[in-house]
Every structure is written in C-alpha cells, then in structure tokens.
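S.K.: I am attaching a structure below and will ask some questions about it afterwards.
The values are calculated or read from the model by the stated rules, or taken from the named source; none is laboratory data. Source: prediction; values computed, not measured. Please note: Cβ atoms are built from the backbone with ideal geometry, for glycine as well, and neighbour counts cover all protein chains shown. Protein only, heavy atoms only, side chains kept; ligands, DNA and RNA dropped before computing areas. Shrake-Rupley method; radii C 1.70, N 1.55, O 1.52, S 1.80 Å.
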Amino acid sequence: MDIGIVMNALRDPAGVPAHPVLFQLLMVVTWILHIAFVHLALGAAGLAIFAFHRRERGPHWARLSLALTKVAKVAVSLLIVLGVAPLLFTQVIYDPQWYVSNVLSGRWAIAFIFTLMIGYCAWFAFYYGNRPGAGRHIGIYAWLALALFCLDGLIMHALSYQALLPEQWLAWYAPGGAVDASGAKLHAIQWPRYLLMMSLGLPAVGAFLIAYAHYLGARSDRSAGYLDFAARLGERLARWGFAFCLVLMLIWQAVHPAASGLGAHPLGWLLVALLGTLAGSVQPLRRAHPYLPVAGGLILLTILALWREVIRIHHLAPLGYDIANYPVHIDWPTTFLFFSTLAGIGGLVGGFYLTLLYRAGRTSGLYSADTLVSRWGTSAVALLCLWIAVFLAYGIVIWVRNQFVGH
Ligand code: HEM
C-alpha cells in the first residue's frame, strides 16, 4: 500500500478556498501566538507555585505568587482561544494527518478536553484560595492544575508528532494484524521536542517579569523594592531558562532520523544559535530596553514555528504529500470576508482593546481616555456593528439563494 496515495485520498474533496500556502502561513503565525501563551501560562503557573511555597521568606514572594496566579489564569484562557486558529488551519491543509492521528489516539484526544477543564478549574480553586494566610493544602490544587496542563501539552505533542509518521499508522492501527480501535495509546512521543516546547516556559516567565517590572514602574502605588525583586528574578530565570532550553534543543537536534536530513538543516542550527545568544544577552537586552527580552523570545518562537513546519515537510514530502497540490476552489467572497475581519476586528477593534488595557494598567487610580483612544473606541463599536450586520446579511443571502433560487 502506498501511504502517499492514501493520504491524498483522505483529503477533503471540497478542496480549499484559497491557495494552500496562505493557510500554511496563517497556521504558522497563529501557532506562534498560541505557544507564546502556553509558555507564559506554564512559566507563570510554575513560578506562582514556587513563590507560594516561599511565602514565609518575605512579602515579595507572597505578592509575586498572587500576581502570577492571576497571570496564569488569564494566559490559560488566551492559549485556549488562540489554539483554535492553528487547529483550524492545520485541519485545512493537513487534514489527513491530523484526523488520523486523533483517531489513533481517540481516547486521549477526548481526555484532553476534560483534563484541561479539570486543570483550569483546579487553577481557579488555587486562585481563590491563594490569599494572605492561606493554608499549605491550597497548593495541591495548583500542583494538580500544572500536572494536567503538562499532560495536555504531552497529548498535543503526541497528536502533532504521530501526524508526521504515516509509515507507522498501519502498525499502530492493527498491531500484528489485529485491529485495535480503542484509541487508548499515545503511540509516539519525541521527548526532547516535548521537553523543549514545555521548558520554554522558564525563560518566558523570566522575560515577562522583566517587562512586568518596567510596565508597573510607571505607577506610584507599586513598591519599587518589589518591582526590582521581580526584575532581578526575571533576569536570572530568563538567562538560565534559555541556557537549559539550549541543552534540550541540542539533544533534539541529535535525534532527528538520519535519512531526513534535518540534522544538517540551517534553521535548526539557527535556533541553537539564537537560544545561545539569548542566554548570553539577557542583561544587555534588559538594559537597552526591558521589553527587548520579550521581543527576542518572540523572534525565537517565530523560528521555532517555521522549524516545526520544515520538519513536517521533510517527513511528508518523501511520502508524496505536498500541500501545494491540494485542490483549490477559489472562493473570493469568503477570502475577502476573512481578511477584512482580520484587519478590521483583529486590527482596529483588537488594537483598541490592547491600547486601552495597556494605558489603563499603567495609570494609578482612575484612567480617563484621551481624544485619540476615545475616538478609536467609538469607531471600534461602529465597525463591530457593521461587521455583525455584514456577517448576518451574507449568511441570510446564501441561505435564501440555497433555499429558494436555482433549484
Ligand atoms: C494547557 C493546554 C495546552 C498546552 C500545554 C499546549 C501545548 C502545546 C504544545 C507543546 C504544542 C507543540 C507540540 C509539538 O509541536 O510537539 C502545541 C501545539 C498545538 N496546540 Fe496546544 N496546548 C494546549 C492547549 C491547546 C488547545 C486548547 C488548543 C486548541 C483549541 C491547542 C491547539 C494546538 C495546535 C493546533 C497545535 C499545533 C498542532 C500541529 O501543528 O500539528 N492547544 N500545543
């Protein structure tokens, strides 16, 4: 059996509504946002727990634990929302691989949702309990939540990795010739890749703390001592975190299959170099501008996202799967609606919210918007109304045409 023919036959016969490379690009870009919040959530949750157990050592630790508990709470909700977009784009161009992988580990794919729900609820229990004077037992909720988040990361990793190994699907589906339709196994885990993806939470929370201290430094109601403590801790975490990830990255480089040629690909080594550079330059970057370590981290994630895609292509192309020949049935109205939504709602409305939140958060006491922000707010509301009207009108027109015209 030629697995390339099987994969191509499993494609959606409806094809894709625009050039596949467009979806590939959107998949890479949106995954960067997803994984950035995965790292922030994991790093903030881990450090919130660590700080919680150190609260007796001084008020800064207690305060840091409270602050990071809130950061992790928000970051988890954002990682979930931002995970949807790459999920949809993966399903558009890599539907055969993604669905097969999910079916082969069906129980885990479903358990992913429930473990995430339980983990997030446990984090909320910790959030409500983590008050001055809280008992140590509250920490159990946090440990449970973090363990479940790590399990969810493992499930995500296995689903992604199994999708790269079509040659092994049949053996997983029918080991020794007997069909196993239970979906009860995670069939393939590449530990260095998984551990690297998760450990990036360490430098992420470090870089975040450096930016956090600078951001809140503008407020008169924040103690300079606490902010200095947070920035110093952030610097140490970022430096050692990048160094630790460098070791994991080198191990990952060593385990690529020899025939894939990935071990010699320049992009993987660029990641190695970038991790090394970041590990060595957190302090000068922080001095140049406290937001620069975050910017460096985002550049790293961009290369990582591209590297994941290069790895996928190297695994699938020799088997005869190439997204470039995915059947295309151009649908201009949908494409136009999508990009105008992205620019209008994402850019103008999202930009308004971000600017508002950024400025309000740096103000002590009551924040009042200046003329620019308040006009921006008015146009954002107007645009939102227009968008809802166009969205509904478009749907209604199509429904009427399908129901009453052309039969
Ligand atoms: C605590 C929860 C989560 C964690 C820790 C997590 C972590 C990860 C990690 C580590 C990867 C990279 C795996 C690899 O390349 O080896 C990944 C990929 C991905 N995640 Fe998440 N994730 C979480 C939740 C979600 C959710 C809720 C969604 C969707 C709504 C999602 C969608 C995705 C997608 C689409 C990919 C890329 C799949 C691919 O390209 O093959 N994730 N996630």
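S.K.: Give me a count of the residues in segment 224-245 that are open to solvent by 50 Å² or more (accessible area, probe 1.4 Å) and more than 18 Å from Gln283 (Cβ to Cβ).
M.R.: So the answer is 1.
S.K.: Can you pull out every residue in segment 290-308 that is more than 15 Å from the chain's Cα centre (by Cα), surrounded by fewer than 16 Cβ atoms within 10 Å (Cβ to Cβ) and in contact (Cβ under 8 Å) with a residue 24 or more places away in the chain?
M.R.: Result: Tyr291, single match.
S.K.: If you don't mind, another one. Going by the structure shown, is Ala111 open to solvent by 20 Å² or more (accessible area, probe 1.4 Å), more than 10 Å from the ligand (Cβ to nearest atom) and closer than 29 Å to Trp169 by Cα?
M.R.: It is true that Ala111 is open to solvent by 20 Å² or more (accessible area, probe 1.4 Å), more than 10 Å from the ligand (Cβ to nearest atom) and closer than 29 Å to Trp169 by Cα.
S.K.: Check Leu170, Leu148, Leu144 and return the single one that is assigned by TED's automatic domain parsing to the domain that holds Arg312 and within 9 Å of the ligand (Cβ to nearest atom).
M.R.: Leu148
S.K.: Would you check which residues across segment 309-319 are open to solvent by 40 Å² or more (accessible area, probe 1.4 Å) and in contact with a Leu (Cβ under 9 Å, 6 or more places away or on another chain) and list them?
M.R.: The one that is open to solvent by 40 Å² or more (accessible area, probe 1.4 Å) and in contact with a Leu (Cβ under 9 Å, 6 or more places away or on another chain): His314.
S.K.: Being of a type in the set (A, V, I, L, M) and under 15 Å from Ile299 (Cα atoms) is the filter here, so list the residues in segment 259-287 that pass it.
M.R.: Scanning segment 259-287 gives Leu267, Leu270, Leu271, Val272, Ala273, Leu274, Leu275, Leu278, Ala279, Val282, Leu285.
S.K.: For segment 17-51, which positions are closer than 21 Å to Phe124 by Cα and aromatic (Phe, Trp, Tyr)?
M.R.: Phe37, Phe50, listed by residue number.
S.K.: Any residue at all in segment 250-273 that's under 23 Å from Ala72 (Cβ atoms) and either surrounded by 20 or more Cβ atoms within 10 Å (Cβ to Cβ) or of a type in the set (S, T, N, Q) (or both)?
M.R.: no
S.K.: Is it the case, given these coordinates, that Val21 is in contact (Cβ under 8 Å) with a residue 40 or more places away in the chain, surrounded by 14 or more Cβ atoms within 10 Å (Cβ to Cβ) and assigned by TED's automatic domain parsing to the domain that holds Gly234?
M.R.: no
S.K.: Does Tyr161 count as within 13 Å of the ligand (Cβ to nearest atom), surrounded by 19 or more Cβ atoms within 10 Å (Cβ to Cβ) and either of a type in the set (Phe, Trp, Tyr) or at pLDDT below 95 (or both)?
M.R.: Here the answer is yes, as Tyr161 does meet what is asked.
S.K.: I need the full set of residues from segment 86-134 which are without any contact (Cβ under 8 Å) to a residue 24 or more places away in the chain and more than 30 Å from Arg55 (Cβ to Cβ), in order please.
M.R.: Within segment 86-134, Leu87, Leu88, Gln91, Ile110, Ile113, Phe114 meet the criteria.
S.K.: Would you confirm, using the coordinates I've provided, whether Asp180 is open to solvent by 60 Å² or more (accessible area, probe 1.4 Å) and either acidic (Asp, Glu) or more than 14 Å from the ligand (Cβ to nearest atom) (or both)?
M.R.: No.
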